[in-house]
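Asker: Here it is, the structure in full.
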Amino acid sequence: MAVAYYVGAQLGFILRFPPTTPSVLWPPNSILTATLLLTPVRRWWLYLLAALPAHLAAELPVLPPLLVFGLFATNCAEAVVAAAGLRWLSDAPTRFDTLPRMAVFVLVGALAAPFVSSFPDAALVTAIQGESYSFVWRTRFFSNVLASLTIVPAVVMAVRNGLPNLRAAAPHRHLEAGLLASGLFLASMGQFGNPSEFGLGLPAELSAPVAVLLPFLLWSAVRFGPGGLSVCLVATALLAVVAGTGESGIFVTQRAAEAVLSLQIL
């Protein structure tokens, strides 16, 4: 978990519009939330403590120490609020296969927890870094909503039954998964960025409406279930953010505040 937290933090720092502090997509909180959902409550403190060295290693080279420790507190608070709320209100907090369970996850884990924890987080960044409170709060809130919606279900379902299902899958299922991944990648690059920069040999002016992604998402949901859909959503979000923060992404001509919000909503 500590390694995943560290890698997620490094990815989050890459996916920023400098010199702003909040990331367009911040995975560590969602990784921590998924970890708490998968472990007994009595052991939560061990995983929260294990995340601290990873947090310090990732953020101390970039941010002031006081801010780093404060952000760790808000990250942990978000994960605890989300995991505790889901355990309290959902009959199966690690399953996302019914409308009531998914509704609880969205309302509590993906909306309420980031909403509450973003207030002290933005206050810290504003007090120490001097950035706009409203901008930091909004960016941080949508960043964590996006990460929660895409990463938490993917991690939970991958840990619960991902590897057994992968080993038991027939060869034609592996081929179908490869075709789905390839199609989703090409469609995403056609929409979000310049495909020629990814070594695809495609024209730079290639573009596609966002709706072109829907068939691939429906394909993943119907053929691979909630787990497959979650993985595709994570991949789409990452491709959109990476392309949008690059030199030829569809958001680079906008001001930073507008670009951040556009990426997160899309």
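Asker: What does the net charge come to around G183 if you take all other residues with beta carbon closer than 14 Å to its beta carbon, with K and R at +1 and D and E at -1?
Answerer: Here the charged neighbours net out to 0.
Asker: Okay, moving on. Would you mind pulling out the separation of the Cα centroids of region 126-147 and region 22-53, in Å?
Answerer: 20
Asker: Now, a different point. Normalise the Cα radius of gyration of region 37-188 by 2.2 N^0.38 Å (N = residues in it) and let me know the number. Can you show the working numbers first?
Answerer: On the way: Rg = 18.3 Å, N = 152, 2.2 N^0.38 = 14.8 Å.
So region 37-188 has a normalised radius of gyration of 1.23.
Asker: Now for a different question. In the neighborhood of Q129, defined by Cβ-to-Cβ distances under 15 Å, what is the net charge if each Lys or Arg adds +1 and each Asp or Glu adds -1? Display every interim value, and only then the final one.
Answerer: Working: positive: R16, R140; negative: E59, D121, E131.
Here the charged neighbours net out to -1.
Asker: May I pose another question? Defining a contact as two alpha carbons under 8 Å apart and six or more residues distant in sequence, what relative contact order in percent does region 1-156 show?
Answerer: Result for region 1-156 is 31 percent.
Asker: Under 18 Å from the 7 Å Cα→Cβ point of A127, by amide nitrogen: which residues of region 63-99?
Answerer: So the set is 63-78.
Asker: Would you mind ranking Y5, Y47 so that the residue whose beta carbon has the fewest other beta carbons within 10 Å leads the list? Show your work: numbers first, answer last.
Answerer: Numbers: Y5 25, Y47 18.
In increasing order of surrounding Cβ atoms, one gets Y47, Y5.
Asker: Ok, one more. Once you charge only the Cβ atoms, +1 for Lys and Arg and -1 for Asp and Glu, what is the size of the charge dipole of region 1-156 about its Cα centre, to the nearest 20 debye? Let's see the in-between values first.
Answerer: Values: 8 positive and 6 negative charges, 44 e Å.
Rounded to the nearest 20 debye, it is 220 debye.
Asker: Can you tally the net charge around F216? Count Lys and Arg as +1, Asp and Glu as -1, for every other residue whose Cβ sits under 14 Å from the Cβ of F216.
Answerer: Details: positive: R223; negative: E176.
Counting the neighbours of F216, the net charge comes to 0.
Asker: With point charges of +1 on the Cβ of Lys and Arg and -1 on the Cβ of Asp and Glu, referenced to the Cα centre of region 55-125, which listed residue (T94, A58, V68) lies farthest in the positive direction of the dipole?
Answerer: T94
Every number here is computed from the coordinates shown, using simple stated rules; none is lab data. Only a predicted model underlies this, so the values are computations on that prediction, with no experimental measurement involved. Counting neighbours? That spans all protein chains shown, and the Cβs are built from the backbone with ideal geometry, glycine included.
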